[in-house]
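J.: Before anything else, here's the structure in question.
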Amino acid sequence: MLQLEKNTEKVRQRAKELGFDACGFSKARRLEKHERLLEEWLHQDRQGQMQWMNNHFDKRVDPTKLVPGSKSVVSVICNYNTEKARKEHEREGVPKITKYAMGTDYHFVLKEKLFELFEFTRELHGGLEGRVFTDSAPVLDRAWAAESGLGWIGKHSLLLRRGMGSFFFIGEMIVDVPFSYDHPTTDHCGTCTRCIDACPTDAIYEPHKVDGSKCISYLTIELKDQIPEHFHEQMGEWMFGCDICQDVCPWNRKSPQATEEKLFPRDALLHRDLDFWEELDLDHFRELFRKNPVKRTKFEGLKRNLSIVNKNV
């Protein structure tokens, strides 16, 4: 048991050395509570056009089916909050990009760190099998991070951590070795409903439950059709994603600054006005958003969003 605890702390320490803000450990198993919630959410068609959420249901709720032989889920978080992004969002009358999408695509940044952590863990144990993930497979990232004590799932359905808020990415290793496991923390949202009250589209229909088909992030990123007209005014200045529910959260008032420079906002995305975005062509789009999350909405999708933002500003 002593060696197990030592190895657990060594992996936790190595995660911090690699630039992760925290690391937690959970026993790999079927998440029965989240299974019921996900089943209900899908049955109510809250996923909109994100039909991939229906795929691999068993693997999504049970990591031992996703990674056969797995015993542990090692969760990590990485802060992306910056003063530059905050100030950019304070500008009025200009299109806005969600904070997480202003730097290099987090898939590249976190995966690189996770692979290093995986190799360290492999050497530490004299060999292991497993996989690393960051929003890239049927894994309930927030649920596992909460299970490992990295925070609690807030009323906006995002993970919250005391002293950090919610502006961070989540990744995990699912591996076939045991660790000394952490325990979930308590919910610290209390009676606060600021995220629910602030959502322009009423996407947060109950505490901890979000109708994906109404969320501005879904409308501007995942939806491939034309955005329904009754959402246009509510989109405000958001041309990619939305941070409203996080911006109003009291836990984000003193959110620390990110330290991973690759996640800092790109200078090319700062201080741009509406004319700049309206004149954007396909070649410039590809150059501007190389290895950046905004590519997900594609050029046509971004132009669609901009036409709505243009009416609003």
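J.: What aspartates and glutamates sit close enough to K295 to cross-link, taking a C-alpha to C-alpha distance under 18 Å and skipping anything fewer than 8 places away on the same chain?
T.: K295 reaches D105, D135, E222, D225, D267, E278, E279, D281, D283, E287.
J.: Please list, in chain and number order, the residues 5+ apart from H156 or on another chain whose amide H is under 5 Å from its amide H, with Hs placed from the backbone.
T.: Residues meeting the criterion, in which the H sits 1.01 Å from N, are H208.
J.: Mind listing the lone cysteines of the chain, meaning no other Cys beta-carbon sits under 4.7 Å from theirs?
T.: Those would be C23, C78, C189, C192, C199, C215, C242, C249, since no other cysteine Cβ in the chain comes under 4.7 Å of theirs.
J.: Multiply the residue gap between S307 and Q44 by 0.36 nm, knock off their C-alpha separation, and tell me the result in nm, one decimal place. Walk me through the numbers on the way to the answer.
T.: Working: separation 263, 0.36 × 263 = 94.68 nm, distance 3.07 nm.
91.6 nm is the gain from fully extending S307 to Q44.
J.: Based on the Cβ-Cβ distance from H230 to R272, what FRET efficiency comes out when R0 is 35 Å, to the nearest 0.05?
T.: The value I calculate is 0.80.
J.: Within a 10 angstrom radius of the beta carbon, how do L140, L160 rank from fewest other beta carbons to most?
T.: The order, fewest Cβ neighbours first, is L140, L160.
J.: Which of the pairs K155/K254; K111/K224; K33/K71; K214/K291 have their Cα atoms more than 25 Å apart in this structure?
T.: Exceeds cut-off: K111/K224; K214/K291.
J.: Using each residue's phi in segment 115-124, evaluate 6.51 cos²θ - 1.76 cosθ + 1.60 at θ = phi - 60° and report the 3J(HN,Hα) Karplus result to the nearest Hz, with x for Gly and Pro.
T.: Listing the rounded values in order: 5, 5, 5, 4, 5, 4, 5, 4, 5, 4 Hz.
J.: Taking neighbour counts of Cβ atoms within 10 Å as a proxy for exposure, in what order, fewest first, do R290, R161, R91 appear?
T.: Lowest to highest Cβ neighbour count: R290, R91, R161.
J.: Kirkwood Rh over Cα pairs of segment 122-224 into Stokes-Einstein at 37 °C, 0.692 mPa s: D in µm²/s?
T.: Estimated diffusion coefficient is 208 µm²/s.
J.: How large is ³J(HN,Hα), in whole Hz, for each residue of segment 167-176 in order, when computed from phi with the Karplus curve 6.51 cos²θ - 1.76 cosθ + 1.60 and θ = phi - 60°, using x for Gly and Pro?
T.: My calculation for segment 167-176 gives 7, 8, 8, 10, x, 7, 10, 10, 10, 9 Hz in order.
J.: Here's another thing I want to ask about it. At a 10 Å Cβ-Cβ cut-off, how would you order K6, K59, fewest neighbours first?
T.: Ranking K6, K59 by Cβ neighbours within 10 Å, fewest first, gives K6, K59.
J.: Could I ask something else about it? Using Cα pairs closer than 8 Å and at least 6 residues apart in sequence, work out the relative contact order for the chain, in percent.
T.: Relative contact order comes out at 25 percent.
J.: Calculate I(q)/I(0) for the chain by the Debye formula, one identical point scatterer on each C-alpha and no solvent, and give its log10 at q = 0.13 Å⁻¹ to two decimals.
T.: With no solvent term, the Cα-only Debye profile gives -0.99.
J.: Read phi for every residue in segment 212-223 and hand back ³J(HN,Hα) as whole Hz from Karplus 6.51 cos²θ - 1.76 cosθ + 1.60, θ = phi - 60°, with x for Gly and Pro.
T.: Computed from phi, the couplings for segment 212-223 are x, 6, 10, 5, 4, 4, 5, 4, 8, 10, 7, 5 Hz.
J.: Taking amide hydrogens as modeled 1.01 Å from N in the peptide plane, which residues meet the under 5 Å criterion relative to S72, leaving out close sequence neighbours?
T.: Here A28, V175, V177 satisfy the definition.
J.: Near the amide H of F240, under 5 Å away, which other amide H atoms are found, from residues 5 or more places off or on another chain, if H is placed in the peptide plane?
T.: K96, T98
J.: Could I ask something else about it? Determine the equivalent ellipsoid of segment 1-84 by diagonalising the alpha-carbon gyration tensor, then write out the semi-axes as square roots of 5 times the eigenvalues, largest first, rounded to whole Å.
T.: That gives 30, 21, 10 Å for the three semi-axes.
All of the numbers you see were taken from the coordinates with simple rules; none came from a lab. Fair warning: this is a prediction, and the values are worked out from it, not measured in the lab. Glycine also receives a Cβ, built like all others from the backbone with ideal geometry; neighbour counts cover every protein chain displayed.
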